[in-house]
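The values are calculated or read from the model by the stated rules, or taken from the named source; none is laboratory data. Keep in mind that what you see is a predicted model, and the values were worked out from it rather than measured. As a convention, Cβ positions derive from the backbone with ideal geometry for all residues, glycine included, and neighbour counts pool all protein chains shown. Protein only, heavy atoms only, side chains kept; ligands, DNA and RNA dropped before computing areas. Shrake-Rupley method; radii C 1.70, N 1.55, O 1.52, S 1.80 Å.
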Amino acid sequence: MDASRANNKLFGPNRFKLGVFSANCDGGLTMSLAPERWRADWDDIVAMTRIADEAGLEFILPVAKWRGFQGKANIYGRSFETLTHGAALGALTQHIAIFFTVHVPLVTPTFAAKAIATIDHVTHGRAGLNIVCGWNQEEFDLHGVTIDQDRRYEHGLEWFRVWSRLLEGGPEFDWDGEFFHLKRLQTDPVSVQRPWPVVMSAGFSPKGRDFAAQSADVLFTTMSELDQAPALLANISTHVARYDRRVDIYTMSHVVCRRTRREADEFYHYFAEEMADAEGQSYYRRQRGPVVKDAAGNEIRRPRVNRFMRASGKRYDGAYPGAFPLVGTPDDIAADMAQMCEMGLSGTSVAFLDYLKEIPFFVQEVLPRLRCLGLRHAA
Ligand SMILES: Cc1cc2nc3c(=O)[nH]c(=O)nc-3n(C[C@H](O)[C@H](O)[C@H](O)COP(=O)(O)O)c2cc1C
């Protein structure tokens, strides 16, 4: 690893990396009407991030959103823009890596290079780019931009190539590609991390996996049950093998950690089933990206059904699709994470119904267990 990346915890020694996802948005990572749900108040975001920072978590990852999921809760209706959110949090923290989720069709690679280099200097090398190519046209209507659903990953790859070459530095260059025709490209300062800051890509489809294999250090993807991990990882590794690169795989999880399993199960049932915002969930399903197909043209189902849904036959519409339920006692959660790590996942994001209220118990009870299991070191 290049020494310039030593300050970025994504490259640190923990075998199983952890970060907080989606706390920049109202509702966090749920579709629940529960009144206890996250409201994305700025001071709460800062207080929660400082706890994560001091506890040694690896990263903060915000969602890029321009319109809510409608429904009664209008989850995501209120959200903080991710580059400005990251710059502020970067100045208020010491150790944690700060990601920005950037929509390729909305931000030019030259703007993103300068903005991210700026934050990489503010944070002394803790910046991270999460590239997303867009899926919900209604969010792009606010910008007058149309997503090219068939070619969004080709566009994303060319965007990444311009962005990364800018940050590599060197003499001015022109770019005459398929999507970009740019003159006399340069940016100064370049990033602290060399050749550029850590890159994550969030996607699920074969094209998304291939994109990550060519551009990202981390592929952030979804898995609803632990037994899906081997097939998921085997498929992703076929993409990565084509490019002779290393890509770590993280999944996204929702944590309900309580003293007893019963308490945890009941709380998950409360916010995700009893208080589900079914209208928000229907909006998501209606708007969700194009149908995903494999190379043979077969439709691939996105993972959605988790063990709670399977056991009860209920929909748990208040849970975010694809968020793995880490629900149980601190021992249960540490054991699930150990299994994820054993299967080859390099990390997971965590989310909570109320991040600020729930993260202290997670930090106090789960992190020491992960240390005992050899998955993580002390902060
Ligand atoms: C873990 C994860 C996080 C994501 N975060 C965002 C986001 O912040 N903003 C966004 O517009 N899309 C986000 N997406 C959507 C993806 O970028 C992508 O558009 C979607 O998964 C459909 O792409 P696919 O065809 O590769 O599955 C996320 C997806 C995943 C799996």
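Would you point out which residue out of A295, A276 is at pLDDT 95 or above and of a type in the set (G, A, S)? Outline the logic, then answer.
On the way: A295 fails: at pLDDT 95 or above.
Answer to the check: A276.
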With respect to the numbered conditions (1) free of Cβ contacts under 8 Å to residues at least 60 places away in the same chain; (2) within 16 Å of the ligand (Cβ to nearest atom), which one is the sole condition not fulfilled by V122?
(2)
Find the residue count for segment 306-320, including only residues that are surrounded by fewer than 19 Cβ atoms within 10 Å (Cβ to Cβ) and under 14 Å from R285 (Cα atoms).
1
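Of all the residues that make up segment 163-188, how many are part of a loop (DSSP other than H, G, I, E, B) and either in contact (Cβ under 8 Å) with a residue 24 or more places away in the chain or among the acidic types (D, E) (or both)? Walk me through it before giving the result.
Taking segment 163-188 first, the residues part of a loop (DSSP other than H, G, I, E, B) are 169-172, 177-180, 186-188.
Filter again for either in contact (Cβ under 8 Å) with a residue 24 or more places away in the chain or among the acidic types (D, E) (or both), leaving 172, 178-180, 187-188.
Going through segment 163-188 one residue at a time, the tally reaches 6.
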Of all strands (runs of 3 or more DSSP E) fully inside segment 1-117, the set with 2 or more residues that are within 12 Å of the ligand (Cβ to nearest atom), more than 14 Å from the chain's Cα centre (by Cα) and acidic (D, E) is none
Top-ranked residue in segment 194-208 [being at pLDDT 95 or above and open to solvent by 10 Å² or more (accessible area, probe 1.4 Å); ranked as farthest from the ligand (Cβ to nearest atom)]:
R194
Given T238, T221, which one is open to solvent by 50 Å² or more (accessible area, probe 1.4 Å) and among the β-branched types (V, I, T)?
T238
Only one of these conditions is not met by T222: (1) touching a Gly at 6+ places or on another chain (Cβ under 7 Å); (2) over 20 Å from C341 (Cβ atoms); (3) at pLDDT below 95; (4) not basic (K, R). Which number is it?
(2)
Please work out which residue is surrounded by the most Cβ atoms within 10 Å (Cβ to Cβ), limiting yourself to segment 33-49 and to residues that are of a type in the set (D, E) and within 28 Å of E274 (Cβ to Cβ).
D44
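With respect to G313, is the statement that it is farther than 22 Å from T260 by Cβ, under 20 Å from the mean Cα position of the chain (by Cα) and of a type outside the set (V, I, T) true? Outline the logic, then answer.
Numbers: farther than 22 Å from T260 by Cβ: yes; under 20 Å from the mean Cα position of the chain (by Cα): no; of a type outside the set (V, I, T): yes.
For G313, the condition - farther than 22 Å from T260 by Cβ, under 20 Å from the mean Cα position of the chain (by Cα) and of a type outside the set (V, I, T) - is not met.
Working carefully through the options W175, W159, find the one that is out of contact with any Lys or Arg (no Cβ under 9 Å at 6 or more places or on another chain), among the aromatic types (F, W, Y) and either closer than 27 Å to R5 by Cβ or away from the ligand (no atom under 16 Å from the Cβ) (or both).
Exactly one residue qualifies, and that residue is W159.
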As an exercise: evaluate S191 against (1) away from the ligand (no atom under 15 Å from the Cβ); (2) assigned to a helix (DSSP H, G or I); (3) surrounded by 22 or more Cβ atoms within 10 Å (Cβ to Cβ) and give the number of the one condition it does not meet.
(2)
Per-region count, segment 50-83, residues under 19 Å from L18 (Cβ atoms), in contact with a helix residue (DSSP H, G or I) (Cβ under 8 Å, 6 or more places away or on another chain) and open to solvent by 40 Å² or more (accessible area, probe 1.4 Å):
2
Cβ-Cβ distance below 7 Å, separation of 6 or more or different chains: which pairs start in segment 361-375 with a residue that is among the hydrophobic types (A, V, I, L, M, F, W, C) and end on one that is assigned to a helix (DSSP H, G or I) and open to solvent by 30 Å² or more (accessible area, probe 1.4 Å)?
V363/I51
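If you scan segment 125-152, which residues turn out to be crowded, with 20+ Cβ neighbours inside 10 Å, in a loop (DSSP other than H, G, I, E, B) and away from the ligand (no atom under 13 Å from the Cβ)? Full working, then the answer.
Residues of segment 125-152 that are crowded, with 20+ Cβ neighbours inside 10 Å, as a first pass: 125-134, 139, 147, 152.
Still in the running and in a loop (DSSP other than H, G, I, E, B): 125-126, 133-134, 147.
Passing the criteria: G125, R126.
Select from segment 312-343 the residues that are closer than 20 Å to M31 by Cβ and assigned to a helix (DSSP H, G or I) and list them in ascending order.
First, the residues of segment 312-343 that are closer than 20 Å to M31 by Cβ: 312-327.
Hit for segment 312-343 is S312, nothing else.
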